[in-house]
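See below for the structure under consideration.
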Amino acid sequence: MTRTFRALPWLLLALAVSVGSPALADTYYGYSQGGIPAGADIFTWCDTPPCDLSEPVVCASPEGGSAFRMNTNVWGGWGVFLALPGAELADLSSFETGDLRFFVKSSNDLKVEFQCRPTGTLPDVSYTTFLSDHAGSNPGEWDGTNTWQEIVIPISSFFAPDPVDTACLANVYSPFLATIENLPFFNSFQIDYIRWQTPNSHTGASSVAIDGRQLTVDGEPYVVNAMAYSPVGIGDNWQSGWRDRPDRYLVDFPLIAASGANTVRLYAPILTTAMLDAAWAEGLHVIPTFGVDSVQLECPEGKAFMQDRFVEYVEQWKDHPAILSWLIGNEVNLNLGAADICADWYPQLDALAQAGHAAEGASFHPIGTAAAGGSSLGDICIAGCSDDTAMPNVDYWGVQEYRGCSFGSTFSDYAAKADCDRPMILTEFGSDAYDALAGPPAEDETMQAECLATLLDEADQALAVRTTGGVSSGHTIFSWSDEWWKAECDPGTSWLAHDTCTSFLNTGYPDPNINEEWWGITTLDPADPNVRGLRSAHDAVGGVWRLGSVCSQEVASYDNVSGDTTVTFAPAPGSTDHTLYYGPLSAVSTYGYSGSVTGLGATGTSALNLPAGDLFWVVVGRDNGAEGGYGTGVTERPPYGGAAVPQDPNRSGLCSVP
């Protein structure tokens with residue numbers, strides 16, 4: 001067969017993704033909204049080149065947006081090949097017991113193949129099956145009609161009756177080829193959402209619940225202190241997040257945890273067991289974002305495909321303990337296209353949440369969306385459209401807010417909304433670190449740090465655990481590291497350059513020139529992909545999020561007969577609860593604690609009962625199963641030996657008085 005290459009505009013973007021390491025993951029994407037694999041090309045073959053192929057954008061497609069369509073006179077096909085210079089063969093040996101999954105729209109039989117190089121070099125070896133070998137009426141089988149249907153082909157069936165050749169799977173050159181052969185004049189077929197998938201099994205899902213405006217994890221109050229995270233390096237773009245990137249997250253996750261964060265928010269929908277295990281090993285929960293293509297909101301078929309993909313996603317990952325919640329869509333309210341927010345998007349969001357809850361059962365993880373905030377949060381809790389009554393299955397509102405170095409009326413706007421009792425989680429906020437007004441323009445860490453410190457203080461005061469009437473369950477800083485791929489404001493921009501052009505204006509910031517590639521609280525190093533430079537904003541975050549000490553406290557009232565006491569205190573930074581440890585005053589020099597009172601909350605005022613006698617006590621902050629400091633001057637006071645939870649190794653916050 002004669003093979004030709006034809007690059008479509010969308011594919012040109014996909015092909016530019018940098019070459020990555022061999023994939024060892026739960027899902028390997030061959031063709032999706034995230035592009036094609038790093039180092040890959042699309043090749044086509046047909047009886048009369050140039051082959052007629054296109055990527056029509058239609059609502060009724062499995063993944064939304066583009067799907068690959070091939071028209072032929074008699075025969076033709078296409079495939080994905082790891083053929084760019086420097087591309088590595090894909091190690092798919094972990095998929096030995098898995099499946100090849102894709103959607104097809106064809107009434108004609110197709111030959112389906114993949115190719116490998118068992119010795120790591122030429123020649124290529126092809127393994128073949130046909131749609132007709134998997135015909136039937138059951139899910140995953142081909143029913144012979146020209147309708148979109150998902151095909152599930154066990155990898156073992158390519159080798160049957162022989163055993164699976166693991167040397168072949170360890171050196172895959174083409175993860176997918178499809179050909180229509182020798183049929184009557186003019187035929188066509190469509191393919192979408194190709195992936196290799198292997199079964200995974202997780203146990204021990206965290207118990208996450210909504211309690212009023214608060215979030216709880218395993219029964220304890222939980223404040224989301226999250227970093228917006230994409231595993232993207234210099235020379236990569238957003239599509240790099242569609243594959244497993246241990247080269248990125250094994251460097252970043254320990255640093256993120258050390259900053260005081262307890263959560264990472266992911267943007268690309270790909271998850272892997274290795275990624276979640278790495279987050280969990282650092283004590284980090286994960287909020288993944290399920291992508292929504294607004295094209296699919298314009299017809300019932302598109303909405304049904306979207307729901308099926310979301311349910312599959314939830315079922316695959318719901319039992320991993322790192323999962324905190326699900327986010328459906330990112331700023332869909334700003335990117336609706338021809339869809340209507342009240343007729344199409346919000347009913348679909350509620351239907352997706354309902355389906356996700358049903359897939360998990362009674363112990364479901366909370367589900368929200370990341371909505372662009374804007375003036376007065378106008379798209380949130382619209383009466384009869386997106387209020388609690390209209391969307392009973394959505395558990396929280398994610399809000400992306402960029403009003404500048406103050407949230408202004410964001411929290412009071414939310415609190416004032418009628419029939420809107422769900423908690424809010426800020427799913428994005430921040431400030432860039434480039435000052436275009438300086439002479440000459442330059443990076444300004446101080447400007448970013450001061451802006452972020454003000455925002456963090458306001459966000460902390462809006463927490464439901466911290467303030468009576470607080471509406472928030474937590475917040476997400478955008479972003480962990482600079483994104484060198486992002487600027488599109490200059491024709492000369494490059495993924496290999498740290499561009500400084502102005503992407504848009506926002507007069508709420510000291511410098512209204514917004515520089516999209518400079519929002520990280522850490523920097524990337526062109527000379528070493530394993531280096532992260534910690535900006536001053538990183539220290540500002542740590543001062544608020546890392547568990548600190550209670551540095552001031554007073555007795556508001558005390559009854560020496562009953563022991564009823566009211567204490568007030570400055571809540572420890574990063575705390576969601578507090579414990580009071582006490583002992584006889586005669587033992588204060590050795591901190592001889594004799595008991596404790598738990599559950600003081602995090603508002604700074606608590607009523608409790610103490611035993612009779614002369615006592616000393618220390619109030620200690622607590623969060624996510626760990627304690628903060630016991631108050632320090634030059635050295636930290638010793639902890640209570642009988643504490644129910646250990647001290648946080650990343651705690652901070654020395655008090656200026658003993």
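FRET efficiency for the pair Thr568 and Ser363, taken as 1/(1 + (r/R0)^6) with r the Cβ-Cβ distance and R0 = 30 Å, rounds to 0.20. Taking amide H positions as modeled 1.01 Å from N, with prolines and chain starts lacking one, the residues under 5 Å from Ile323 and 5 or more places away or on another chain are Ser206, Val286. Less than 5 angstrom separates the built amide H of Thr502 from none of the residues sequence-distant by 5 or more or on a different chain.
In the stretch 336-415, a dipole from Cβ-located charges (positive for Lys and Arg, negative for Asp and Glu) runs towards its positive end, and of Tyr402, Gly337, Phe364 it is Tyr402 whose Cα lies farthest in that direction. Using the Cα gyration tensor of the stretch 25-137, with a ≥ b ≥ c the square roots of its eigenvalues, what is the shape: rounded (a/c below 1.5), prolate (a/b larger than b/c) or oblate (neither)? Judged from the Cα gyration tensor, the stretch 25-137 comes out rounded (a/c under 1.5).
Think of each Lys and Arg Cβ as +1 and each Asp and Glu Cβ as -1; about the Cα centre, that makes the dipole of the stretch 368-469 roughly 340 debye. Note on Val57 and Ser656: with the Förster distance fixed at 60 Å, the Cβ-Cβ geometry gives a FRET efficiency of about 0.50. Ranked by the mean number of other Cβ atoms within 10 Å of their residues, highest first, the peptides 278-286, 530-538, 436-444 come out as 278-286, 530-538, 436-444. Remark: spin-label model distance Ser494-Val561 equals 8.3 nm, labels positioned 7 Å along the Cα→Cβ axis. Each label was represented as a point 7 Å from its Cα along the Cα-to-Cβ direction; for Ala209 and Thr166 these points are 4.5 nm apart. For the pair Glu181 and Ala338 in one chain, pulling the backbone fully straight at 0.36 nm per residue adds 52.7 nm over the alpha carbon distance.
With 10 Å bins beginning at zero, the pair-distance distribution over Cα atoms of the stretch 429-508 amounts to 16, 38, 28, 14, 4, 0 %. A cut-off of 5 Å between modelled amide H atoms, ignoring neighbours fewer than 5 places along the same chain, links Ile328 with Phe290, Gly368, Thr369, Ala370. Each residue, Glu301 and Thr635, gets one label point 7 Å from its Cα in the Cβ direction; the gap between the two is 7.4 nm. About its Cα centre, the dipole of the chain is roughly 480 debye, where the only charges are +1 on Lys and Arg Cβ and -1 on Asp and Glu Cβ.
Solvent exposure of the stretch 462-535, expressed per residue, is 40 Å² of accessible area, with all protein chains present and a 1.4 angstrom probe. Of the residues Thr476, Thr97, Thr272, the one whose Cα sits farthest towards the positive end of the charge dipole of the chain is Thr97 (charges of +1 on Lys and Arg Cβ, -1 on Asp and Glu Cβ, taken about the Cα centre). Evaluating 6.51 cos²θ - 1.76 cosθ + 1.60 at θ = phi - 60° for every residue in the stretch 542-557, the Karplus couplings come out as x, x, 9, 8, 5, 4, x, 10, 7, 9, 8, 7, 9, 9, 7, 7 Hz, glycine and proline recorded as x.
In this view, the solvent-accessible surface of Phe569, computed with a 1.4 Å probe and all protein chains in place, comes to about 20 Å². Kirkwood analysis of the stretch 549-598, using all unique Cα-Cα pairs, places the hydrodynamic radius at 12.5 Å. Estimated at 0.36 nm per residue, the fully extended path between Val311 and Asp539 surpasses their Cα-Cα distance by 78.1 nm.
Near Glu488, within a Cβ-to-Cβ distance under 15 Å, what is the net charge of the other residues, with Lys and Arg +1 and Asp and Glu -1? Spelling it out: positives minus negatives among the neighbours equals -4. For the stretch 119-235, the Kirkwood estimate of the hydrodynamic radius, built from every pair of different alpha carbons, is 19.8 Å. Evaluated over the Cα positions of the chain, the convex hull gives a direction-averaged projected area, one quarter of its surface, of 32.8 nm².
When N is the residue count of the stretch 296-352, what does its C-alpha Rg come to as a fraction of 2.2 N^0.38 Å?
Taking N as the residue count of the stretch 296-352, the ratio is 1.23.
Under a cut-off of 30 Å between alpha-carbon atoms, report the lysines in cross-link reach of Lys105, not counting same-chain residues fewer than 8 places apart. Partners within reach: Lys303. Annotation: aspartates and glutamates with alpha-carbon distance below 15 angstrom to Lys486 (same-chain offsets under eight excluded): Asp236, Asp432, Asp499, Glu516, Glu517.
The values are calculated or read from the model by the stated rules, or taken from the named source; none is laboratory data. Predicted model, so just to flag it, every value in this text is computed and none were measured. Positions of Cβ are generated from backbone atoms using ideal geometry, with glycine treated the same way; all protein chains shown enter the neighbour counts. Surface accessibility is based on the protein's heavy atoms, side chains included, excluding ligands, DNA and RNA. Shrake-Rupley method; radii C 1.70, N 1.55, O 1.52, S 1.80 Å.
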